[in-house]
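Structure first, commentary second.
The values are calculated or read from the model by the stated rules, or taken from the named source; none is laboratory data. All of these numbers come straight from a predicted model, not from anything done at the bench. The accessibility values were calculated without ligands, DNA or RNA, using every heavy atom of the protein model including side chains. Shrake-Rupley method; radii C 1.70, N 1.55, O 1.52, S 1.80 Å.
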Amino acid sequence: TISQQNAVPTPVVQPNESVKKSYDECRIQVRLTDGKSIQHTFKANEQLAAVRLWIEMNRSDGVGKFNIVQTFPRIVYTDLDMMRTLAELSLVPATTLIITKV
(Lines give C-alpha, C1' and ligand atoms only; values in the text may rest on other atoms or scores of the structure.)
Protein backbone atom coordinates (compact mmCIF):
# COMPACT_ATOMS: atom_id res chain seq x y z
CA THR A 1 0.00 0.00 0.00
CA ILE A 2 1.00 3.63 -0.36
CA SER A 3 1.28 4.26 3.39
CA GLN A 4 3.81 1.44 3.75
CA GLN A 5 5.96 2.81 0.91
CA ASN A 6 6.17 6.26 2.53
CA ALA A 7 6.75 4.95 6.05
CA VAL A 8 9.98 6.01 7.69
CA PRO A 9 11.82 3.02 9.14
CA THR A 10 12.07 3.04 12.92
CA PRO A 11 15.71 3.13 14.04
CA VAL A 12 16.81 0.15 16.09
CA VAL A 13 18.24 1.27 19.42
CA GLN A 14 21.03 -0.90 20.73
CA PRO A 15 21.26 -1.26 24.52
CA ASN A 16 24.78 0.25 24.51
CA GLU A 17 23.61 3.53 22.97
CA SER A 18 22.30 4.79 26.31
CA VAL A 19 25.81 4.54 27.81
CA LYS A 20 27.82 7.78 27.89
CA LYS A 21 30.59 8.17 25.35
CA SER A 22 34.10 7.61 26.54
CA TYR A 23 36.30 10.70 26.35
CA ASP A 24 40.04 10.74 26.90
CA GLU A 25 40.41 14.52 27.26
CA CYS A 26 38.74 17.20 29.33
CA ARG A 27 38.77 20.91 28.47
CA ILE A 28 38.49 22.96 31.64
CA GLN A 29 37.86 26.68 31.79
CA VAL A 30 38.51 28.28 35.18
CA ARG A 31 36.98 31.60 36.18
CA LEU A 32 39.32 33.41 38.56
CA THR A 33 38.32 35.64 41.48
CA ASP A 34 39.00 38.77 39.38
CA GLY A 35 36.58 37.63 36.64
CA LYS A 36 39.27 36.60 34.16
CA SER A 37 39.37 33.07 32.76
CA ILE A 38 42.10 30.57 32.00
CA GLN A 39 41.70 27.35 30.06
CA HIS A 40 43.58 24.08 29.67
CA THR A 41 43.00 20.56 28.35
CA PHE A 42 43.72 17.67 30.70
CA LYS A 43 43.56 13.91 30.28
CA ALA A 44 40.27 12.49 31.56
CA ASN A 45 42.15 10.13 33.87
CA GLU A 46 44.07 12.96 35.60
CA GLN A 47 43.13 13.77 39.16
CA LEU A 48 41.45 17.00 40.19
CA ALA A 49 44.65 17.68 42.15
CA ALA A 50 46.40 18.24 38.80
CA VAL A 51 43.84 20.93 37.95
CA ARG A 52 44.37 22.58 41.36
CA LEU A 53 48.15 22.62 40.83
CA TRP A 54 47.73 24.03 37.32
CA ILE A 55 45.46 26.78 38.68
CA GLU A 56 48.01 27.65 41.39
CA MET A 57 50.75 27.92 38.76
CA ASN A 58 48.74 29.90 36.19
CA ARG A 59 46.34 32.14 38.06
CA SER A 60 46.73 35.88 37.62
CA ASP A 61 44.43 37.05 40.42
CA GLY A 62 46.89 36.82 43.27
CA VAL A 63 47.83 34.07 45.69
CA GLY A 64 46.19 32.40 48.62
CA LYS A 65 43.94 29.49 49.44
CA PHE A 66 40.94 28.87 47.23
CA ASN A 67 38.07 26.48 46.67
CA ILE A 68 37.27 24.88 43.33
CA VAL A 69 33.54 25.13 42.64
CA GLN A 70 31.27 23.78 39.94
CA THR A 71 28.35 26.12 39.41
CA PHE A 72 25.61 23.75 38.21
CA PRO A 73 24.89 21.64 40.02
CA ARG A 74 26.73 23.57 42.72
CA ILE A 75 29.56 21.46 44.10
CA VAL A 76 32.42 22.71 46.27
CA TYR A 77 35.19 20.18 45.77
CA THR A 78 36.90 18.93 48.93
CA ASP A 79 40.35 17.49 49.64
CA LEU A 80 38.86 14.01 49.17
CA ASP A 81 37.76 14.95 45.63
CA MET A 82 41.34 15.92 44.72
CA MET A 83 42.27 12.22 44.43
CA ARG A 84 39.39 11.46 42.04
CA THR A 85 39.81 11.63 38.27
CA LEU A 86 38.09 14.19 36.08
CA ALA A 87 36.11 11.34 34.50
CA GLU A 88 34.99 10.07 37.93
CA LEU A 89 33.81 13.59 38.77
CA SER A 90 31.82 13.76 35.48
CA LEU A 91 33.78 16.79 34.28
CA VAL A 92 34.49 15.38 30.81
CA PRO A 93 34.48 16.33 27.98
CA ALA A 94 34.38 20.00 29.05
CA THR A 95 33.40 22.08 32.04
CA THR A 96 33.72 25.51 33.60
CA LEU A 97 34.87 25.78 37.19
CA ILE A 98 35.21 28.86 39.37
CA ILE A 99 37.57 29.50 42.21
CA THR A 100 36.49 31.26 45.36
CA LYS A 101 38.62 32.61 48.17
CA VAL A 102 38.61 30.59 51.38
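Listing for the model above:
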quantity	calculated
Number of the exception - Thr71 against (1) open to solvent by 60 Å² or more (accessible area, probe 1.4 Å); (2) at pLDDT 95 or above	(2)
Residue in region 55-68 that is within 14 Å of the chain's Cα centre (by Cα) and open to solvent by less than 90 Å² (accessible area, probe 1.4 Å) present	yes
